[in-house]
1. Out of the residues in region 94-117 that are charged (D, E, K, R) and loosely packed, with under 12 Cβ neighbours inside 10 Å, which is farthest from residue 23 (Cα to Cα)?
2. Does residue 40 qualify as being under 20 Å from residue 105 (Cα atoms) and free of Cβ contacts under 8 Å to residues at least 40 places away in the same chain?
3. Can you find, within region 77-93, the residue that is nearest to residue 106 (Cα to Cα) among those that are part of a helix (DSSP H, G or I) and without any contact (Cβ under 8 Å) to a residue 12 or more places away in the chain?
4. Quick one: is residue 74 in a helix (DSSP H, G or I), over 23 Å from residue 7 (Cβ atoms) and touching a Ser or Thr at 6+ places or on another chain (Cβ under 8 Å)?
5. Take region 1-20 and flag every residue that is without any contact (Cβ under 8 Å) to a residue 24 or more places away in the chain and not in a helix (DSSP H, G or I).
6. Which one of 23, 30 is surrounded by 12 or more Cβ atoms within 10 Å (Cβ to Cβ), in contact (Cβ under 8 Å) with a residue 40 or more places away in the chain, in contact with a Leu (Cβ under 8 Å, 6 or more places away or on another chain) and hydroxyl-bearing (Ser, Thr, Tyr)?
7. Answer yes if at least one residue in region 69-82 is within 10 Å of the chain's Cα centre (by Cα) and β-branched (Val, Ile, Thr), and no otherwise.
8. Check whether at least one residue in region 25-41 is outside any helix (DSSP H, G or I) and in contact with a helix residue (DSSP H, G or I) (Cβ under 7 Å, 6 or more places away or on another chain), and report yes or no.
Amino acid sequence: MDEKTFKHRTKKFGWDTILLVESLPKTKVSEVIGRQLLRSATSIGANYRAACRAKSTADMINKLKIVEEEADESIYWLELLSESNAVPAQNMDALLKEANELLAITVAPLKTLRSRA
């Protein structure tokens, strides 16, 4: 996937997550999970942008590893949120699918870069 498209997808994922978190019920559980999800989901795009400006292959690998970790963490928080029944499962399906795709898309170049390094 090209850089511009992936930047757009990570930004849209962050924005869609912001909208989801804003719609959560005002319970302690939703607030805690929502805050964690918001941090990890919006971090994906920010760290991908940093990876695009990496100064070396090692620097790019390190930054993409952060993207990978944040995407995986976002999946975890989305799953917890879904299991808490704070949001109907069908509202979570698209975000979970996108988070898993972003994770898979991030892992592919990491494998390539690691084999070259």
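1. Checked region 94-117; the qualifying residue farthest from residue 23 (Cα to Cα) is 116.
2. For residue 40, the condition - under 20 Å from residue 105 (Cα atoms) and free of Cβ contacts under 8 Å to residues at least 40 places away in the same chain - is met.
3. Per the criteria, the residue is 93.
4. It is false that residue 74 is in a helix (DSSP H, G or I), over 23 Å from residue 7 (Cβ atoms) and touching a Ser or Thr at 6+ places or on another chain (Cβ under 8 Å).
5. 2
6. 30
7. yes
8. No, because not a single residue in region 25-41 is outside any helix (DSSP H, G or I) and in contact with a helix residue (DSSP H, G or I) (Cβ under 7 Å, 6 or more places away or on another chain).
Every read-out reported here was derived from the displayed coordinates using simple, explicitly stated rules and does not represent laboratory data. Note that the structure is a prediction, hence the values are computed from the model and not measured. With ideal geometry, Cβ positions are generated from the backbone for all residues, glycine too; neighbour counts draw on all protein chains shown.
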